């Protein structure tokens, strides 16, 4: 009985050209603006989001039947969406670890993670401006604004400008107003 059930389940899954079970491909669609866009949301791929939940299962594939490989346990953590399939988003964290999570567990609210040792957040976007605080690697901050080289962030009641290349969760060419 178990062998028959396994065969039925295996037959229900799509196969690749090599006969292996095919993982759904998270193809994007090239927009008129030349930006790759997700087939489900029409939002840019890749893009940054944040973790809405304090705990989120990260699965090997885009369904509840896929194995859980990781559990993200940090609300507000920035994630990079690199694919879409139905209600699932393929994401990676700042270490490149990731998989598929349900779209209800992520938010469009932008956050960044401090990526450089002892990053100063300054009163103005100028290298010689006075510091408001010094943040350690791994601190998660809300992203408020970015110009070409600097981002305005807020963490634990301290806000100020940080050099963009000290942050993970924002593209180096990205401008946010």
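Only residues that are over 18 Å from residue 116 (Cβ atoms) and not assigned by TED's automatic domain parsing to the domain that holds residue 122: list them for segment 147-177, please. Passing the criteria: 173, 175, 176, 177.
Restricting attention to segment 136-177 and to residues that are within 18 Å of residue 95 (Cβ to Cβ) and touching a residue at least 40 places away in the same chain (Cβ under 8 Å), the residue that is nearest to the chain's Cα centre (by Cα) turns out to be 169.
Residue check: is residue 56 farther than 17 Å from residue 168 by Cα and surrounded by 21 or more Cβ atoms within 10 Å (Cβ to Cβ)? Full working, then the answer.
On the way: farther than 17 Å from residue 168 by Cα: yes; surrounded by 21 or more Cβ atoms within 10 Å (Cβ to Cβ): yes.
In short, yes.
Can you name every one of the strands (runs of 3 or more DSSP E) wholly within segment 84-177 that holds 1 or more residues which are more than 30 Å from residue 40 (Cα to Cα) and touching a helix residue (DSSP H, G or I) at 6+ places or on another chain (Cβ under 7 Å)?
Values: elements: 88-92, 98-102, 111-114, 119-122, 131-135, 140-146, 150-155, 158-163.
Because the criterion is at least 1 residues that are more than 30 Å from residue 40 (Cα to Cα) and touching a helix residue (DSSP H, G or I) at 6+ places or on another chain (Cβ under 7 Å), the strands (runs of 3 or more DSSP E) in segment 84-177 that meet it are 111-114, 119-122, 150-155.
The values are calculated or read from the model by the stated rules, or taken from the named source; none is laboratory data. For clarity, every value in this text was computed on a predicted model and none was experimentally measured. Heads up, the Cβs are rebuilt from the backbone with ideal geometry, glycines too, and the neighbour counts pull from every protein chain shown.
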